[in-house]
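The values are calculated or read from the model by the stated rules, or taken from the named source; none is laboratory data. Bear in mind the structure is a predicted one, so any value in this text is a computation, not a measurement. So basically every Cβ, Gly included, is an ideal-geometry build from the backbone, and we count neighbours across all protein chains shown. Surface accessibility is based on the protein's heavy atoms, side chains included, excluding ligands, DNA and RNA. Shrake-Rupley method; radii C 1.70, N 1.55, O 1.52, S 1.80 Å.
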Amino acid sequence: MKTRLLTSLAIVLTIALLFVLKIYVSPYFFDFFFAIVSAVAAFECSKILSRAGLYNNIIVSMIFPALILTGNILGYYFKLGFEYIVLINVILVLVGAIFAFIIDIFRKKAVNNEIKIREIKNTTNAKFVFKRSIHTMISLTYPSFLFMMMSLINHIDEINFGSVANYNSKLSIIVLLFAFIIPMLTDSFAMLTGMLIGGKKLAPNISPKKTVSGAIGGTLWCTLLSACIYLILASIDYFSASINAIEIWKLLIIVFIGSIIAQAGDLFESFLKRKAGVKDSGKALPGHGGMLDRIDSYIFVAPYLLIAFVILLI
């Protein structure tokens, strides 16, 4: 427990430092942070998928976050619209899968050896290479493509929306703050509520420790505390004009749904680990397991929040 708390403290301090750097120096510190986190999580996810029988190209999976980061930065530099930057990311997913396919085409001997070592029956070299490229596309989408939506949130002020000016260039800070807060509060209070109340299991075949009471408590507490955070931000001169441009009831609806989605992301990763027969995705974060274990909720929350606030802006 002590190790877990120390790691959690280090994570919170790192994120706090990145917010300071974003406000006073540059938002790109966050982008590189997201890319590094995504690369570690991609490595872990690639191994989990392979253990579950979805063999993929681990090298392409790890390099992919850097490609998305490069594409996004170019999009911000040339002031492309939201839809064009997302389109670039989608194209990169397809390019990554095609690249993995081409690599394996020229590794015929190595691929045949892999088929023998893994004792895969009723397949040919061509079929295995094709399936492997499809599985690589899955590993590129989850977690990298989805998690790197955090980078778009980090630059939402720079993406071409007509009403962004109403938020005085503080919108990205507010949305990014809630992108971190929603999974953190939901996870913490779901665990505490579940420990105190207990009761019926939420998904015993996927995650035996999660309870229905914990899931409900996590969402309710997250929504309530988010309202408090909204009021605190509204009382601070630096944020007041920007946060007041967002009606509180709209924000709380977004938070409420986001909390449910965060728990769905957690369950999805637990499902993958169950299929692969592993307890943790890795050992990158002492007391927490792997990087994927820590960001599983953010992978689904990031694209949801981005879409939710884009709709809000439009």
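Miscellaneous remarks
- Rounded to whole Å, sorted largest first: equivalent-ellipsoid semi-axes of segment 1-63, Cα gyration tensor: 29, 18, 5
- Shape analysis of segment 1-151 places it in the oblate category; the axes a ≥ b ≥ c from the Cα gyration tensor give an a/c of at least 1.5, with a/b not above b/c.
- Computed from the Cβ-Cβ distance with R0 of 35 Å, the FRET efficiency linking residue 2 to residue 130 stands at 0.10.
- Each residue of segment 279-284 is assigned a 3J(HN,Hα), and the resulting list reads 8, 10, 6, x, 10, 5 Hz, derived from the Karplus form 6.51 cos²θ - 1.76 cosθ + 1.60 (θ = phi - 60°), x at Gly and Pro.
- The C-alpha atoms of the chain define a longest principal axis, and helix 82-105 lies at about 20 degrees to it.
- Linear extension gain, residue 108 paired with residue 66, 0.36 nm per residue minus alpha-carbon span: 12.4 nm
- The chain, helix-only ellipticity at 222 nm - DSSP H runs n ≥ 4, -39,500 (n - 2.57), divided by all residues, nearest 500: -25500 deg cm²/dmol
- Per residue, the average separation of C-alpha pairs within less than 8 Å and at least 6 apart gives segment 1-66 a relative contact order of 24 percent.
- When GluC sites (Glu not before Pro) are flagged only if DSSP places them in a loop and at most 12 other Cβ atoms lie within 10 Å, the longest unflagged stretch of the chain comes out as 120-246.
- Probing with 1.4 Å while keeping every protein chain in the model, the per residue accessible area of segment 86-198 equals 49 Å².
- Distance between modelled label sites at residue 78 and residue 20, nm, 7 Å Cα→Cβ extension: 3.7 nm
- A simple packing score, the average count of other Cβ atoms within 10 Å per residue, orders the peptides 238-244, 134-140 as 134-140, 238-244, with the highest score first.
- When peptides 282-294, 144-156 are ranked by their average number of other Cβ atoms within 10 Å per residue, the highest-first order is 144-156, 282-294.
- The C-alpha atoms of the chain define a longest principal axis, and helix 291-313 lies at about 50 degrees to it.
- Prolate/oblate/rounded label for the chain (Cα gyration tensor, a/c 1.5): oblate
- What you get for segment 60-122, charging only the Cβ of Lys and Arg (+1) and of Asp and Glu (-1), is a dipole of about 320 debye around the Cα centre.
- Amide N proximity, segment 136-154 versus residue 169 label position 7 Å along Cα-to-Cβ, cut-off under 17 Å: 154
- Principal-axis analysis of the Cα atoms of the chain puts helix 2-24 at an angle of about 70° to the longest axis.
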